Amino acid sequence: MKTTKEILEAARERAPGQPYAGAVTPDEAFMLLQAAPNVKLVDVRTNAERDWVGRVVVPEDQHLAVEWATYPGGQPNPQFGAQLERMAGKDEILLFLCRSGVRSRHSARVATELGYENAFDILEGFEGDKDGDGHRKTVGGWCKAGLPWIGA
């Protein structure tokens, strides 16, 4: 099993030149969450997505929910930065998760701009990309990796 340091080094190498610290796989994210209490998963999906699609199962004090876009409407959340700053310390390792890995990259970038030096994207997201039949949770992501989650 990799150490926290090894995972973070690999994550930094995986995303050179990105405007955030790096990118972790879902498996690496779960290992980090298990290894260190200062690691937080920041789920940037909408509240509706968490309620209707599912959510990760990690200790409550390591799970933060900050919508990147609001529901309904999908408008950018004007309070994203302020909400994140109320929930997370600048010295914590933040792992950003969305459905497929797009909003999480933007969130990690904004967090870095706010002074979070350890803001990481979780590759593939919660559900991953669509398969040939248009279904999610079969190609990649937290669910496909067999990591703990609850929901639909």
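With 0.36 nm allotted per residue and the present C-alpha distance subtracted, the T138-M1 stretch has 46.8 nm of extension available. Counted by Cβ distance under 15 Å from W149, the other residues give a net charge of 0, where Lys and Arg count +1 and Asp and Glu count -1. Averaged over residues, the count of other Cβ atoms within 10 Å places the peptides 17-23, 116-122, 5-11 in the sequence 116-122, 17-23, 5-11, highest first. On a per residue basis, the chain carries 49 Å² of accessible surface, using protein heavy atoms and a 1.4 Å probe. When peptides 24-33, 132-141, 44-53 are sorted by average Cβ neighbour count within 10 Å, with the highest value leading, the order is 24-33, 44-53, 132-141.
Between A10 and A82, full extension at 0.36 nm per residue minus the direct alpha carbon distance yields a gain of 22.9 nm. Protection proxy ranking for 61-70, 94-103, using the average of other Cβ atoms within 10 Å per residue and placing the highest first: 94-103, 61-70.
Over the residues of the chain, the helix contribution to mean residue ellipticity at 222 nm works out to -8500 deg cm²/dmol, using -39500 (n - 2.57) for each DSSP H run of at least 4. Convex hull of alpha carbon positions in segment 77-120: directionally averaged projected area 2.8 nm². Over all pairs of different C-alpha atoms in the chain, the reciprocal of the mean inverse distance, the Kirkwood hydrodynamic radius, equals 15.2 Å.
For the pair E117 and A145 in one chain, pulling the backbone fully straight at 0.36 nm per residue adds 7.4 nm over the alpha carbon distance. Of all aspartates and glutamates in the structure, the ones whose alpha carbon falls short of 16 Å from that of K5, not counting any fewer than 8 places away in one chain, are E13, D27, E28, D91, E92, E117.
With the charge dipole of segment 27-109 set up from +1 on Lys and Arg Cβ and -1 on Asp and Glu Cβ about the Cα centre, the Cα lying farthest toward the positive end among the listed residues P37, A108, A88 is that of A108. Please report the net charge: other residues with Cβ closer than 14 Å to the Cβ of G17, K and R +1, D and E -1. Value of the local net charge: +2. Taking R0 as 35 Å, what's the FRET efficiency between Q75 and D129 from their Cβ-Cβ distance, rounded to 0.05? Between Q75 and D129 the formula returns 0.90.
The values are calculated or read from the model by the stated rules, or taken from the named source; none is laboratory data. Computed from a prediction, not measured in an experiment: that's the story for all the values here. In this analysis, Cβ positions are derived from the backbone assuming ideal geometry, glycine residues included, and neighbour counts consider all displayed protein chains. Areas reflect the complete protein model, heavy atoms only, side chains present, ligands, DNA and RNA absent. Shrake-Rupley method; radii C 1.70, N 1.55, O 1.52, S 1.80 Å.
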